[in-house]
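Okay, so here's the structure we're looking at.
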Amino acid sequence: MDWLDVRSMANDAPPVSAKVPGLLDGLNEPQREACEHEQGPLLILAGPGSGKTRVITSRIVHLITDRGVGPDEILALTFTNKAAKEMRERVQRLLPETQGFWISTFHSLCARILRRDIDVLPEYTSEFSIYDTADKRQLIKTVVKELGYDAKRFRPPVLASWISNSKNNCEANNGLTFDPNGGIDDEVCARVKARYQQRMRENNALDFDDLLLVTLELFELHPGVRDSYSFRFRQVMVDEYQDTNRVQYRLVQHFAGHHGNLAVCGDPDQSIYGWRGADVRNILDFEADYPDAKTVRLEQNYRSTGTILKAASVLIANNSQRKPKDLWTDEGEGKLIDLIQCGDEEDEARELALRCKKLHRKGKAWSDIAIFYRMNFMQRALESALRLSGVPYQVVGGLEFYARREIKDLMAWLKLMVNPRDDGAFLRVVNVPSRGVGETSMGRLVQFARDKGLCLSDAVVHGDALGSIRGRAKKGLAEFAGLCESLAEVRGEGAGVALDALIGTIDAERWFMEMDTGDALVDRESNVEELRSHAHQYDRLQPKGGLPGFLQDVALVSDVDDLDESSEQVKLMTLHSSKGLEFPHVFVTGLEDELLPHGRAVEEDPENGLQEERRLLYVGMTRAMQGLTMSYATQRRFFGEDRWQRPSCFLDEIPPETVVGGVEPTEESEAEALGEYDADDGGHDLVVGHMVRHEHFGVGTIQQLTGAGVNARATVKFGRYGTKQLLLAYAGLVKLSNP
């Protein structure tokens, strides 16, 4: 992509005068209406499979060729690299000679803005590192240790999620607050967050949330920078608007603030990222935010059969947080949805593998089939059954390549070359390969750096730094400092040149031998070669990007970027990863209470959580084009224990005339189905009337107890949050008094 200097108010892209013949031909009336709208706010409510990507790309081309808007005066934002790439390619095919398009993900756009303008903020430089999830958790782990807290009680993944949510719900770093109940845990979290942010600034590093939040801070502290972008963009378009959080909401307001031409496209029924800060109110309240907005509904579905659409539409109508749509299709009714009951997860996996093979024998390509699941732990049984059945498959949504040790090591080296202040990268590679720098010696260097207010890269070359360090560690640190100095000479080169220089400098053969022996050695060398190929390819495609651009692209890899749609393999993925995709035949597994809807999501926020879980199933169902199969098990193994399962409550909301198979009817009450409460089986030692404390809901009184072992659950009445049903194995209830 050509990223232009936004400080220049001139239209740098050449004017485009040639119209595209037949651009709007074949569009239905609402689609055409959305494309031709030019002035003022526009809300495009786009149901699943309604052709919204075609509408957005046609609208971009129409604005350029028919309305005289410059390619560099249009900003189009979406959420995944895959969606942005598809949008760019479609526009480029229609306007092959035109350059200057601003089509990007939010995070990529903000990273590019910050590379250009972050120097006006005193805490950072344009060479900042971008920390991925693993980097973030490692730093939090270090911070927890620094502060003297128990890492088992305050686990880095939980703290990382807490910090992320607090950022996504606030407008600037100095406004970060979070106080669910008050108490010592909140105080600890606040201290960890404050120290984490301090360390990030010292490391000249940003995490994914910071890319957005610091851009917002930049705009609000420096209106001149904000206005240079707002003046340039005559048209702003946002895809998947229902997935925006409050920070993105404010950024969009800034981008569209001068001209007021904001077009957003989305579907409240597909808002499934509330757990990471997305706020469905942004799209629900769009017409209140912009009273003069035009609303267009895209209701014709070009993907699914009538039966699938009917089932999904009736299901989602049970939600209140939505804007009604009347989806319809010309694809015919199609066959009924298969609903299968299985004994346990192994039985379910075997059944699905057999059905995949049956579909393949009937002429379906393996790549036409996808299997969705709610939780990652469900993947194991599915993979095992597919492997034993000889069904080729690809697990989608894992960042496995970039999470491998050798790749993480090399990426940390490259980060340190670009950003010497990155202490996290320094600590990762100071012994890559081994230089005899032990924990004690490293601790002394870290303390020296803290005392002097230096980053580790500056500390290691300080004249006094190695005075208290002896032997092999002292020699190793001196050697490391020399390597960093020599590699600094290639930091301005392309990514491929820099990586080649790095591999040739660090004694890669010894490094490989230290990591593995035997066959694994070949695999690690192959992985490194793959990274080299990727770096050289990046240089060919992005000659101006350099090493910083390459690092940025890798850091912003998303969950579904590894999806190879052309590969002849069944696709396995979580329901969240399935959003935006489509397949001729879809299997949705684990339709059981506590899984879908997920127990914790409903416990933490009963009303909103249940609605989001329903939307998640709706998304999964509407990925299917011709065939949809849903399954559930009557028993499933959770965390090492077998648990009896109940069919999902959502199955009762799907019209029975759209389903073949189904749930065996039962007249048992919930208490009868779960059995009597057994305090000895699980060691919960609770009785009705006990006062208990819950980490989130506070103090409450037990109203009812049912089930035994992992199925034991309590109905608890909380003063502030009302009555909740909690699984005792996970609720962590603390008994406060006897009845």
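The values are calculated or read from the model by the stated rules, or taken from the named source; none is laboratory data. None of the values given here were measured: they were computed from a predicted structure. Neighbour counts run over all protein chains shown; Cβ positions are idealised from the backbone, glycine included. For accessibility, only protein heavy atoms count, side chains too; no ligands or nucleic acids. Shrake-Rupley method; radii C 1.70, N 1.55, O 1.52, S 1.80 Å.
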message: Percent of Cα-Cα pairs more than 23 Å apart in the range 101-251, please.
response: 39
query: What trypsin sites (Lys or Arg not before Pro) in the range 15-56 are in a loop by DSSP, with at most 14 other Cβ atoms within 10 Å of the Cβ?
result: 19
- line: Probe 1.4 Å, heavy atoms of protein chains only: per residue, the accessible area of the range 198-334 in Å² is 34
- line: The size of the Cβ-based charge dipole (Lys, Arg +1; Asp, Glu -1) of the chain about the Cα centre, to the nearest 20 debye, is 1160
query: Compactness ratio of the range 33-110: Cα Rg over 2.2 N^0.38 Å, N = residue count?
result: 1.06
statement: Env charge @ residue 654, Cβ radius under 14 Å, K,R +1 / D,E -1, value -2
- prompt: Share of antiparallel DSSP beta bridges in the chain, in percent to the nearest 5?
  reply: 35
field: Solvent-accessible area, 1.4 Å probe, carbon plus sulfur percent, for the chain
entry: 48
query: To the nearest µm²/s, what D does Stokes-Einstein give for the range 288-331 at 10 °C and 1.306 mPa s, using the Kirkwood radius over alpha carbon pairs as Rh?
result: 131
- request: With N set to the residue count of the range 195-352, report its C-alpha Rg divided by 2.2 N^0.38 Å to two decimal places.
  value: 1.42
- request: Output ³J(HN,Hα) for the range 330-343: one whole-Hz value per residue in order, computed from phi by the Karplus curve 6.51 cos²θ - 1.76 cosθ + 1.60 with θ = phi - 60°, and x for Gly and Pro.
  value: 9, 7, x, 6, x, 8, 5, 6, 7, 10, 10, 9, 10, x
- line: Gyration tensor on Cα atoms of the range 415-557, a ≥ b ≥ c root eigenvalues, a/c under 1.5 rounded, else prolate if a/b beats b/c, else oblate, says oblate
message: In Å², and per residue, what accessible area does the range 90-141 have when probed at 1.4 Å with the other protein chains present?
response: 42
Shape box of the range 350-469 [Cα atoms, principal axes, largest first, Å]: 74, 26, 26
query: So, with +1 on the Cβ of K and R and -1 on the Cβ of D and E, and no other charges, what is the size of the charge dipole of the range 287-436 about its Cα centre, to the nearest 20 debye?
result: 460
query: How are the C-alpha pair distances of the range 99-161 spread across 5 Å bins, as whole percents from the shortest bin up?
result: 3, 15, 17, 14, 15, 15, 11, 6, 2, 1, 1
statement: Under the 7 Å Cα-to-Cβ spin-label approximation, residue 198 and residue 20 lie apart by a distance in nanometres of 5.3
statement: Any trypsin sites (Lys or Arg not before Pro) in the range 455-545 that lie in a DSSP loop and have at most 16 other Cβ atoms within 10 Å would be 470, 544
message: Using a Debye calculation, one point per C-alpha and no hydration shell, please list log10 I(q)/I(0) for the range 175-286 at q = 0.23 Å⁻¹ in order.
response: -1.25
message: At 7 Å along Cα-to-Cβ for each site, give me the label-to-label distance between residue 464 and residue 123 in nm.
response: 2.9
query: So how long is each side of the range 289-387 along the principal axes, counting just the alpha-carbon atoms, biggest first, in Å?
result: 56, 31, 23
statement: Nearest-0.05 FRET efficiency for residue 526 and residue 447 at R0 = 35 Å, using Cβ-Cβ distance, is 0.30
task: Place +1 on the Cβ of every Lys and Arg and -1 on the Cβ of every Asp and Glu in the chain, take the dipole about the Cα centre, and give the residue among 255, 367, 302 whose Cα lies farthest towards its positive end.
output: 255
field: For the chain, the spread of Cα positions along each principal axis, largest first, Å
entry: 80, 74, 53
field: Estimated FRET transfer efficiency (residue 604, residue 634; beta-carbon r; R0 25 Å; 0.05)
entry: 0.40
message: Need the list of lysines near residue 167 for cross-linking: C-alpha distance under 25 angstrom, and skip anything on the same chain fewer than eight residues off.
response: 136, 141, 145, 152, 193, 415, 579
task: Only loop residues by DSSP count here, and only those with at most 14 other Cβ atoms within 10 Å; note down the GluC sites (Glu not before Pro) in the range 287-354 that meet that.
output: 333
- prompt: So what is the 222 nm mean residue ellipticity for the chain from helices alone, if each DSSP H run of at least 4 adds -39500 (n - 2.57) and you divide by all residues, rounding to the nearest 500 deg cm²/dmol?
  reply: -13000 deg cm²/dmol
